[in-house]
C-alpha cells in the first residue's frame with residue numbers, strides 16, 4: 001500500500017484518543033504503556049471489523065479503517081467477541097499467554113472507561129472476561145561465583161566501553177533493577193550513596209548503593225562522553241545517545 005493510501009486509513013476514533021489521554025494525564029501511565037494499549041485496541045477493533053464481515057475478506061489488518069467505531073458500535077460489543085479475538089490471537093498470531101493477558105488488560109481498561117467515565121455503556125462487557133493463565137516461571141539467579149566470573153569477562157584491553165559495561169553489570173547484579181529502570185537512570189538520580197529509580201507506573205524508590213556500585217560509578221564517570229547528545233543520561237551509547245534497552249540486552253548477551 002502506498003503512503004497516500006496509508007494516510008487515508010483512519011487508525012483511530014475520538015473516544016480511543018480520549019481514553020489514551022486519560023491513561024497518560026490522569027492515571028499517569030508511561031508512554032510505553034499508552035503505546036501498547038493503542039496498538040492492542042486498534043488490533044481488536046480491526047479484527048472486529050474483519051470478523052463481522054464489514055470489510056472484504058483478506059483485507060490487510062493495517063488497511064482497515066476505524067472511523068466506523070462510534071457509540072452505537074461500542075454498545076454492540078459482546079463478551080463472545082473478546083473470546084473470538086483471543087482465540088484468533090492464539091490460532092493465527094501464536095500469541096503467548098502473557099501477550100494475550102496484556103490485551104485483556106487493555107480491553108478491560110478501555111471498556112471500564114466507557115462505562116464508568118464516559119457513560120457510553122450501561123453494562124461493561126468485559127466484567128466477566130478472564131485473563132489467560134500465565135505459566136509461572138522460577139526466576140533464575142546467578143551465584144556469587146557466576147557473578148564474579150561475569151564481571152571478570154569485561155576486559156578494558158578489548159573494549160573501549162569497558163568501564164561503562166562493568167558499571168551496568170555491577171548495578172544489575174547488586175541493585176535488582178529492571179532493564180527499563182537502568183536505562184532511564186540520569187546523572188542527577190545519583191546522590192552520594194543513593195540512587196533514585198522511577199519504576200513501573202511512575203513509582204519512585206530509593207536504592208542504597210554498596211561499595212561495589214559506588215566504585216564502578218566512580219570509575220566510569222571520568223570516561224563517560226562529555227559531549228553526549230543526551231547530557232543527562234548516565235549510560236551513553238557509541239552514538240552519544242542514552243543507551244537503549246536493546247543495546248544493553250545485546251551487551252549483556254555478548255558477555256554471557
Unique residue being over 30 Å from residue 95 (Cα atoms) and assigned to a helix (DSSP H, G or I) when the list is 170, 206: 170
Subset of segment 33-67 [assigned to a loop (DSSP other than H, G, I, E, B) and either exposed (fewer than 15 other Cβ atoms within 10 Å of the Cβ) or free of Cβ contacts under 8 Å to residues at least 12 places away in the same chain (or both)]: 52, 53, 54, 55, 56, 57, 58, 59, 60, 67
Any hit, segment 114-122, residues being assigned to a helix (DSSP H, G or I), more than 30 Å from residue 174 (Cβ to Cβ) and in contact with a helix residue (DSSP H, G or I) (Cβ under 7 Å, 6 or more places away or on another chain): yes
Hits in segment 68-80 - residues which are within 22 Å of residue 14 (Cβ to Cβ), in a helix (DSSP H, G or I) and without any contact (Cβ under 8 Å) to a residue 40 or more places away in the chain: 72, 73
Unique match (being surrounded by fewer than 17 Cβ atoms within 10 Å (Cβ to Cβ), at pLDDT 90 or above and more than 14 Å from residue 40 (Cβ to Cβ)) among 83, 120: 83
Residue within segment 20-38 that is farther than 26 Å from residue 117 by Cα and modelled with pLDDT under 95 present: no
Within segment 173-203, considering residues that are under 24 Å from the mean Cα position of the chain (by Cα) and part of a loop (DSSP other than H, G, I, E, B), the one modelled with the lowest pLDDT: 199
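The values are calculated or read from the model by the stated rules, or taken from the named source; none is laboratory data. Everything numeric in this text was worked out from a predicted model, so none of it was measured. Cβ coordinates were reconstructed from backbone atoms using ideal geometry, including for glycine residues, and neighbour counts include every protein chain displayed.
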